[in-house]
Amino acid sequence: MTTARGDARPPVSPKPQVSQIAIPCPSAILRGMFYRILSVLEITLPVFGLIGIGKFLQLKRTLSASSRHTINFIVANFSLPSLIFLAVSRASFERLINGAIIVGALVPTFLGLALFFSLARLLRIKGEDRAPFTYSPFWANASYMGLPLAYNAFGEAGTLNAAIINAFAMP
């Protein structure tokens, strides 16, 4: 069949019947969910696995309080700074001063501070207990867990973004 200009017209396919419409198979949906769960486990299991091993060793009394203190000292003063330094040292200056990441870090941080400070006042938490109540939901977890999770999920680019967020939201 040809058009008025003489071009060949592709054959018109008939309208698909209801039995021909592709409906996702439940097994395909479950398989997709399974792969997403495996991705999440691949990212989180190393971090939470180390936490679990530490708790197990503490319960078995293999890991003493002084050992835990030493491990925390090494992580806070050597491992995390090294991870941040490696990510930042390889980035361009323009990449470090990314307004979207900075604003995206500061807005939720200030909203969280306002929320927990207001909640502390509402619950009548006294002044000396208000600061730990306000800051503890996000302060340490952003570094201790956020940086390793960002690295596992997004590689060095994720670590760089997490370091930028950490620099502006956790001074």
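The values are calculated or read from the model by the stated rules, or taken from the named source; none is laboratory data. In this text the structure is predicted, and so the values were computed from the model without any measurement. Using ideal geometry, Cβ is built from the backbone for each residue, glycine included, and neighbour counts are taken over all protein chains shown. Note: accessible area is taken over every heavy atom of the protein model, side chains too, but ligands, DNA and RNA are not part of it. Shrake-Rupley method; radii C 1.70, N 1.55, O 1.52, S 1.80 Å.
In this structure, L119 does not qualify as over 25 Å from I164 (Cα atoms), open to solvent by 70 Å² or more (accessible area, probe 1.4 Å) and of a type in the set (A, V, I, L, M, F, W, C). Cβ separations smaller than 6 Å between residues 6+ apart or across chains give no pair from segment 65-81 residues that are part of a helix (DSSP H, G or I) to residues that are open to solvent by 80 Å² or more (accessible area, probe 1.4 Å). The listed residues are F85, F168, F73, and the only one of them that is at pLDDT below 85, open to solvent by 70 Å² or more (accessible area, probe 1.4 Å) and aromatic (F, W, Y) turns out to be F168. Of all residues in segment 148-161, those being over 13 Å from L96 (Cβ atoms) and open to solvent by 20 Å² or more (accessible area, probe 1.4 Å) number 8. Summed over segment 86-102, residues that are in a helix (DSSP H, G or I) and either touching a helix residue (DSSP H, G or I) at 6+ places or on another chain (Cβ under 9 Å) or farther than 28 Å from E156 by Cα (or both) total 7. Restrict the check to segment 62-70 and report whether at least one residue is in contact with a Gly (Cβ under 8 Å, 6 or more places away or on another chain), open to solvent by 60 Å² or more (accessible area, probe 1.4 Å) and at negative phi. Yes, there is a match, as at least one residue in segment 62-70 is in contact with a Gly (Cβ under 8 Å, 6 or more places away or on another chain), open to solvent by 60 Å² or more (accessible area, probe 1.4 Å) and at negative phi. Among the numbered conditions (1) open to solvent by less than 30 Å² (accessible area, probe 1.4 Å); (2) more than 14 Å from T44 (Cα to Cα); (3) modelled with pLDDT of 80 or more, the only one that K126 does not meet is (1). Identify the residue in segment 129-147 that is open to solvent by less than 70 Å² (accessible area, probe 1.4 Å) and among the small types (G, A, S) and, among all such residues, is modelled with the lowest pLDDT. Per the criteria, the residue is A140. Inspection of segment 128-135 finds a residue satisfying the criterion of being in contact with a helix residue (DSSP H, G or I) (Cβ under 7 Å, 6 or more places away or on another chain) and either more than 29 Å from L50 (Cβ to Cβ) or in contact (Cβ under 8 Å) with a residue 60 or more places away in the chain (or both).
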